[in-house]
Structures are given as structure tokens and as C-alpha cells.
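Every number in this text was worked out from the coordinates using simple rules, so none of it is lab data. Bear in mind the structure is a predicted one, so any value in this text is a computation, not a measurement. Reconstructed Cβ throughout: ideal geometry from the backbone, glycine too, with neighbour counts over all protein chains shown.
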Amino acid sequence: MSINCIVVTPAETAVETEATSISLPLFDGDKGVMADHAPMIGRLGSGELKLHGSEGASRFYIEGGFVQVLDNTVSILTNRVIAAEDLDSNTLQQNLSDALAMPGNNDEELDVRERAVDTVRAQLRVAQS
């Protein structure tokens, strides 16, 4: 039995596919979903979305948002989705260096720098796994 998975960003429907199982990053840990999963709504974190189907696995980086599981449909609303193969470790290492070099002279600048560092580190984990 399969699950319909739809990933939507503010700009587009990025992914719409059938999967046998899905692994996604909630804000407090990873969650697995298979057919006939109980209905749920959850807040997403940043990390790896894995879709396992009859044609193999697909991997994506997703950044925050919400997930709804209902009637064998997983609807993911996220700020950004990037295919794992499109993430370049060398570029991300440079982005991490740039983020770490951002100023942190007050609370607002520290928050901006921390979010930038966390985002790049999450992308690096997906790229390197």
C-alpha cells in the first residue's frame, strides 16, 4: 500500500509522488510515516525528507513548516525544498564560514547569525549523508 506525498512551498508544488514510507524532520526529532498512519499535524524542523518508493529512495532538504497526515496523504508545507543531489558540500562549507563570520554585536545580530549557521549545518548534514 502506498502514501501520496505532496510538498508545497510558497512558490510551487515541489514534489507530488507516491511512496511506501516517508521520514521527515519534525522540530523535535524525526518521524516515520507508512500507510494507514494515524491522522496527525506536526511542526517541521530543518533537515532531510526521505521518500521510499517502488523506484528507490528520494532525498530532499526541507526548511521548517508544517505536515499533515490524513487518509494516506502526507501534505508538507515548507519554506524551502532542495533535492539532496543539488546540495554542494564545498559551497555549503563556504556558506558556513560566511555565516560564522557574521557580526554578533547585539541580540538581533546573534539571532540572525545563529539561524544562518543552523540552516547551513542542516543542509550540510543532508548533503553529506
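Given +1 at the Cβ of Lys and Arg, -1 at the Cβ of Asp and Glu and no other charges, the dipole of the stretch 1-63 around its Cα centre is 120 debye to the nearest 20. Taking Cα atoms only, the orientation of helix 89-100 departs from the longest principal axis of the chain by about 50 degrees.
With both labels modelled 7 Å from their Cα along Cα-to-Cβ, the D28 to R113 distance reads 3.0 nm. The angle between the Cα long axis of helix 107-128 and the longest principal axis of the Cα atoms of the chain comes to about 50 degrees, rounded to the nearest 10. Within the chain, the percentage of alpha carbon pairs spaced more than 18 angstrom apart rounds to 55%.
Using the crude model of +1 on Lys and Arg Cβ and -1 on Asp and Glu Cβ, and no other charge, please compute the dipole size for the chain relative to its Cα centre, in debye to 20.
With Lys and Arg at +1 and Asp and Glu at -1, about 220 debye.
The mean of 1/r over all pairs of different alpha-carbon atoms in the stretch 1-62, once inverted, gives a Kirkwood hydrodynamic radius of 12.1 Å. When I41, I22 are sorted by how many other C-beta atoms sit within 10 angstrom of their C-beta, beginning with the fewest, the order is I41, I22.
Where the only charges are on Cβ atoms (+1 Lys, Arg; -1 Asp, Glu), what is the dipole of the stretch 87-128 about its Cα centre, to the nearest 20 debye? Each step should come with its number before you reach the end.
Values: 4 positive and 8 negative charges, 55 e Å.
For this selection, approximately 260 debye.
With θ taken as phi - 60° and the Karplus curve 6.51 cos²θ - 1.76 cosθ + 1.60 applied, the whole-hertz 3J(HN,Hα) list for the stretch 41-56 is 10, x, 8, 7, x, 9, x, 8, 9, 10, 10, 9, x, 5, 9, x Hz, x standing for glycine and proline.
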